[in-house]
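The values are calculated or read from the model by the stated rules, or taken from the named source; none is laboratory data. For clarity, every value in this text was computed on a predicted model and none was experimentally measured. Don't worry about glycine lacking a Cβ; one is built from the backbone with ideal geometry, like all the others, and counts go over all protein chains shown. Keep in mind that these areas ignore ligands, DNA and RNA; they rest on the heavy atoms of the full protein, side chains included. Shrake-Rupley method; radii C 1.70, N 1.55, O 1.52, S 1.80 Å.
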Amino acid sequence: MMQTVRGVHDILPDEVAIWQFLEAKALTIFGLYGFTEIRSPLFEKTELFARAVGATTDIVEKEMYTFADRGGDSLSLRPEGTASVVRSFVQQSLHRQLPWKVWYRGPMFRYERPQKGRQRQFHQIGCELFGPVGPLADAELMAMVMHYLGDVGLQAALVLEINSLGCLACRTPYRALLIAALRQAAAHLCEDCNHRMERNPLRVLDCKRETCRATVTAAPIMLDHLCLGCRDHFYQLKGHLETLGVPYVVNPRMVRGLDYYNRTAFEVTSVGLGAQNAVAAGGRYDGLVEQMGGTSTPAIGFAMGMERLVLLLDRQKILARGMDVYLATLGASAENAGLVLAETLRRGGISVELNLGGGSLKSQMKRADRAQARFTVMLGDTEIEKRSVIIKDMAEGVQQEVARSEIMDYLLTRL
RNA sequence: GCGAACGUAGCUCAGUCGGUAGAGUCCCGGAUUGUGAUUCCGGUUGUCGCGGGUUCGAGCCCCGUCGUUCGCCCCA
């Protein structure tokens, strides 16, 4: 049997209703803050991701779907959304119309081992804000995320965590300090951490093992070694969040997997998602635009994992709406008349599921029930002769004969 | 890339000690020759993931493989 490849799934109509709900909310809520949608390509030159995400990250080293096109260029399916948006920003010289606020949605691709909340094709909704350098932008963006998550009905289960990763000036000396401390404690750290120490030492602070956690409590943390500018930025950010009444928790051990982040990092996590507990994550990337060859422009953004949001949502609350009318027909002449009647009603804005498969009235009533129809309109030889139909209110269980000329009015006043 | 569990009807699952496969649900029909969701009656649905091995005999035991799930890693 043909089937989807590993880690890739159909999203069937029942579930699509939830996706459409989430996407419609994004359009509305992000619109309130002045963000408009951008649609960037699903694949780019491999080099773009290598430079933006970081050539030594796991994502670039071993998780990208990379292929050569017929001209010999190395291309990759996008593993995340920010790189393309930044490329677009630079390519179109958009630094001349700051601030530039965009959001995107769509599939991302990473060759990973699937597990709960993690697929090889997964979907993100993300926002990027170019221009503002101050913490006001950070606070507003976080407020927007929480506004969105609250509006889709999730806020209660979620925690906003924030941290500062410093900038080039203060992170470099801190990093050296941390590595020195970790080397001293290397014997007490797990194998993974000893490996991480060299590649991404900050991540050692975030190890899940108890022994490692205990060992690193004494290690220096970034927040204690921020330069004056970074410290002030973080301090003001916290103040803005408090002014807005957005609850947050400072997590000094939170790290970022992608190289481009500096200063503000934040994450929205949830219990109930298993090991992959981040619903949304983002941060500031002031140096990326310049690094990608554009005019130096500070920026901040975030992305949300759609599959993870869907896992958390109560599906009962987002049911696909049923049809207004199921049109049951009995006999060949009724089928003809039904075809015309259905079309007429639809032109009047009434949704109609027309019986297309013959069958007894009983079986057609079943189909009407399954289609969650508000009304069933019945049309048989008797009604054809009398130029009428019978309309049954499915919830009430009562029915009434209605003249053909009055069907539209009858339904419109009751829907 | 590493570890573990699980693959039986469209779906959720049972299947004892190795003896030729079952329930619920869904779907279809009838009870009601033109009335749903409830009730009652009847019916259809199987490469037991796939391939090999052991055995007189394998859904069950063994090996491999593919898939799913949950962790590790990493990350949304």
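Can you confirm whether residue A:373 is farther than 13 Å from residue A:329 by Cα, near RNA strand B (Cβ under 8 Å from one of its atoms), open to solvent by 80 Å² or more (accessible area, probe 1.4 Å) and in a loop (DSSP other than H, G, I, E, B)? It would help to see each step written out before you state the result.
Numbers: farther than 13 Å from residue A:329 by Cα: yes; near RNA strand B (Cβ under 8 Å from one of its atoms): yes; open to solvent by 80 Å² or more (accessible area, probe 1.4 Å): no; in a loop (DSSP other than H, G, I, E, B): yes.
Against the criterion (farther than 13 Å from residue A:329 by Cα, near RNA strand B (Cβ under 8 Å from one of its atoms), open to solvent by 80 Å² or more (accessible area, probe 1.4 Å) and in a loop (DSSP other than H, G, I, E, B)), residue A:373 does not qualify.
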query: For region A:401-415, what are the residues that are in a helix (DSSP H, G or I) and either surrounded by fewer than 15 Cβ atoms within 10 Å (Cβ to Cβ) or touching a strand residue (DSSP E or B) at 6+ places or on another chain (Cβ under 9 Å) (or both)?
result: A:404, A:405, A:406, A:407, A:409, A:410, A:411, A:412
- request: Would you be able to tell me the number of residues in region A:1-39 that are under 19 Å from residue A:75 (Cβ atoms) and surrounded by 17 or more Cβ atoms within 10 Å (Cβ to Cβ)?
  value: 0
- prompt: Any idea which residue in region A:121-164 is farthest from residue A:273 (Cα to Cα), counting only those that are of a type in the set (D, E, K, R) and open to solvent by 20 Å² or more (accessible area, probe 1.4 Å)?
  reply: A:140
Residue match in region A:305-321 (condition: loosely packed, with under 13 Cβ neighbours inside 10 Å, more than 10 Å from RNA strand B (Cβ to nearest atom), within 42 Å of the chain's Cα centre (by Cα) and at pLDDT 90 or above): no
field: Sole exception among (1) within 9 Å of RNA strand B (Cβ to nearest atom); (2) touching a Gly at 6+ places or on another chain (Cβ under 7 Å); (3) open to solvent by less than 60 Å² (accessible area, probe 1.4 Å) for residue A:330, by number
entry: (3)
- request: Within region A:376-400, count every residue that is over 22 Å from residue A:356 (Cα atoms), near RNA strand B (Cβ under 9 Å from one of its atoms) and in a strand (DSSP E or B).
  value: 2
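So that you can scan it fast, the table gives a plain yes or no per residue for (1) touching a helix residue (DSSP H, G or I) at 6+ places or on another chain (Cβ under 7 Å); (2) aromatic (Phe, Trp, Tyr):
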site: A:2; (1), (2): no, no
site: A:27; (1), (2): no, no
site: A:42; (1), (2): no, no
site: A:47; (1), (2): no, no
site: A:79; (1), (2): yes, no
site: A:85; (1), (2): no, no
site: A:104; (1), (2): yes, yes
- request: Residues being modelled with pLDDT of 90 or more and open to solvent by 60 Å² or more (accessible area, probe 1.4 Å): count how many of those fall in region A:336-360.
  value: 9
- prompt: Quick one: is residue A:265 within 25 Å of residue A:167 (Cα to Cα), surrounded by fewer than 19 Cβ atoms within 10 Å (Cβ to Cβ), assigned by TED's automatic domain parsing to the domain that holds residue A:123 and within 10 Å of RNA strand B (Cβ to nearest atom)?
  reply: no
